[in-house]
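The next block holds one structure in the form of structure tokens; read it before the comments.
The values are calculated or read from the model by the stated rules, or taken from the named source; none is laboratory data. Please read all numbers here as calculations on a predicted model, not as lab measurements. No Cβ is skipped: glycine too gets one built from the backbone with ideal geometry, and neighbour counts run over all protein chains shown. Areas reflect the complete protein model, heavy atoms only, side chains present, ligands, DNA and RNA absent. Shrake-Rupley method; radii C 1.70, N 1.55, O 1.52, S 1.80 Å.
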Amino acid sequence: MNQDDIDADVTDRMLLQRMSTGDRAALNVLYRGYHGRLARFLSRLTRRPDIIDEVINDCFWIAWQKAGNFHGDSRVSTWLMGIAYRCGLKALRQHGDEPVENTDLLEQLTPDDDMDEDRELRDWLSKGLDHLSADQRVVIELVYGVGHTLDDVAVIMQCPVGTVKARLFHARVKLRNVLPALAGDSPKQKENAP
């Protein structure tokens, strides 16, 4: 973790402490600070904006209720991502994950901070990620998009680090084969190859 991450976590811990005493302003600050990150993360789990929005609200409702129970065993961001992940899985079991018809709603939920990035590249990567399983997309997003360590991802997904490593490995192999095909090139190696 760099100094900015440490400072952000200290601030988040103070916000959780204030939330545990019923401070709604602290909840509002935490919500605004994490909404975009959670929306982007959850968009890798499902493409349904209604579920994403519901899960974010559920996540912060749980965080509001459990703020006093946070013991600091992980970063606040890891704790919130774990809550969002479990809420997302629960919502998918309840509602399914049928494709979304209105992609404008999904774009509204994604953060605006990457507006300067090349839209074509983002679309190409997004199409590649669509070829992965939900667990593989989530691992890719948590590691490369959010910047969590493999240990953090294991905590969030409540699975062994070895499982996280395997999902990441298979996701990278699949992307290595799928992305060139999406760009019009032929893949250089087979999907099952190490």
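Label-to-label distance, R93 versus D123, with points set 7 angstrom from Cα along the beta-carbon direction: 3.8 nm. Each other residue within a Cβ distance under 11 Å of R167 adds +1 if Lys or Arg and -1 if Asp or Glu, for a net charge of +3. Over all other residues within a Cβ to Cβ distance under 13 Å of R18, the charged ones net out to 0, with Lys and Arg as +1 and Asp and Glu as -1. In whole angstrom, note down how far apart the Cα centers of the range 80-97 and the range 36-62 are. Comparing the Cα centres of the range 80-97 and the range 36-62, I get a distance of 8 Å.
Solvent-accessible surface (1.4 Å probe) assigned to Y144 amounts to roughly 130 Å².
Seen from W79, the other residues with C-beta closer than 12 Å to its C-beta sum to a net charge of 0, counting Lys and Arg as +1 and Asp and Glu as -1.
For an R0 of 30 angstrom, estimate the FRET efficiency from the Cβ-Cβ distance between W61 and S133 and round to the nearest 0.05.
My answer for the efficiency is 0.60.
Overall form of the range 13-58: prolate. Here a/c, set by the Cα gyration tensor axes a ≥ b ≥ c, is 1.5 or more, and a/b is the larger of a/b and b/c.
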